[in-house]
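Throughout, read-outs are computed from the coordinates displayed, never taken from laboratory work. In this text, all values refer to a predicted model and were calculated from it rather than measured experimentally. With ideal geometry, Cβ positions are generated from the backbone for all residues, glycine too; neighbour counts draw on all protein chains shown.
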Amino acid sequence: SQQGEEDPQALSIQEGENATMNCSYKTSINNLQWYRQNSGRGLVHLILIRSNEREKHSGRLRVTLDTSKKSSSLLITASRAADTASYFCVHSGGSNYKLTFGKGTLLTVNP
Amino acid sequence: GAVVSQHPSRVICKSGTSVKIECRSLDFQATTMFWYRQFPKQSLMLMATSNEGSKATYEQGVEKDKFLINHASLTLSTLTVTSAHPEDSSFYICSARSGARMNTEAFFGQGTRLTVV
């Protein structure tokens, strides 16, 4: 399977703490994106990082990419209860830019 | 950002019937569309990739005769679940990409929750 791995599979923290999620993939990529999904709902795009980039910031989000290790991390700072959701890394590769989802991390932020 | 509309958002059907799900790109030409399936508490699994005007490419293990994909225009792709069974109950979601913007954010539909009774 080309599906990436994410760890941890589940993460429970207190409001105000930082949350770090990691993702690994197996193939070469064009870019890597992080999405959020609230239970049973659609996907919300968070951030995209291209294969020639190493770090990107967007508000409380910080994403890193290490193509030599085929891994990425998502850091959410000063977490809020509303950040409770599943987070997926999605890598895009090949001529079709096919999107492959990681297994996801279920983040629970306790108020 | 670009908008992808998926319809219906929720459908309940009887076992043995067929269900059609539509995925439309509202403000761009989608040269490629991807269809995903998500079972409860699991990730999204790619079912097939379709390029406008050509046959869809199915992932290993996905029955092409059961999950019919049509991508006849640059703004519309359909997924038809034929002779649906309870095990086909799942969350189906499409993604549309433009040929000129493939290395950018992917746009997803809102998803369709299919329940087969």
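General observations
- Cut-off 15 Å between beta-carbons: net charge of the residues surrounding A:Asn110, Lys and Arg +1, Asp and Glu -1: -2
- Label-reachable residues, the stretch A:61-85, where backbone N falls under 12 Å from a point 7 Å from A:Glu53's Cα toward its Cβ: A:62-65
- Each peptide in A:99-107, A:5-13 gets a packing score, the mean of other Cβ atoms within 10 Å over its residues, and the list from highest to lowest is A:99-107, A:5-13.
- Cβ-based exposure ranking for A:His57, B:His71, in which fewest neighbours within 10 Å come first: A:His57, B:His71
- Ordering B:Phe91, B:Leu76, B:Leu46 by the projection of their Cα atoms onto the charge dipole of the stretch B:38-117, which places +1 on the Cβ of Lys and Arg and -1 on the Cβ of Asp and Glu, puts B:Leu76 at the extreme positive end.
- Cysteines without a disulfide-compatible neighbour (Cβ-Cβ under 4.7 Å), the protein assembly as shown: B:Cys13
- Here r is the Cβ-Cβ distance between A:Thr67 and B:Ser5 and R0 is 30 Å; the resulting FRET efficiency, rounded to 0.05, is 0.30.
- Close amide H partners of A:Thr84, meaning residues 5 or more places away or on another chain with modelled amide H under 5 Å apart, are A:Val109.
- Neighbouring partner chain Cβ atoms per residue of A:28-39, average, 10 Å criterion: 2
- Averaging the Cα positions of each part gives two centres, and for the stretch A:4-55 and the stretch B:55-117 these lie 23 Å apart.
- For B:49-60, mean number of other protein chain Cβ atoms within 10 Å: 1
- The stretch B:23-117: relative contact order as a whole-number percent, Cα under 8 Å and 6+ apart: 31
- Computed from backbone phi with θ = phi - 60° and the Karplus coefficients 6.51, -1.76 and 1.60, the 3J(HN,Hα) list for the stretch B:108-116 is 10, x, 7, x, 10, 8, 9, 10, 9 Hz; x is used for glycine and proline.
- For the peptide A:42-50, the mean number of other protein chain Cβ atoms found within 10 angstrom of a residue's Cβ is 4.
- For the stretch B:65-73, 3J(HN,Hα) computed residue by residue from phi via the Karplus equation (6.51, -1.76, 1.60; θ = phi - 60°) reads 7, 8, 10, 7, 10, 10, 9, 7, 9 Hz, glycine and proline entered as x.
- Neighbour net charge for A:Arg54 - beta-carbon separation under 15 angstrom, K R +1, D E -1: +2
- Relative contact order [Cα under 8 Å, 6+ residues apart], the stretch B:13-63, whole percent: 24
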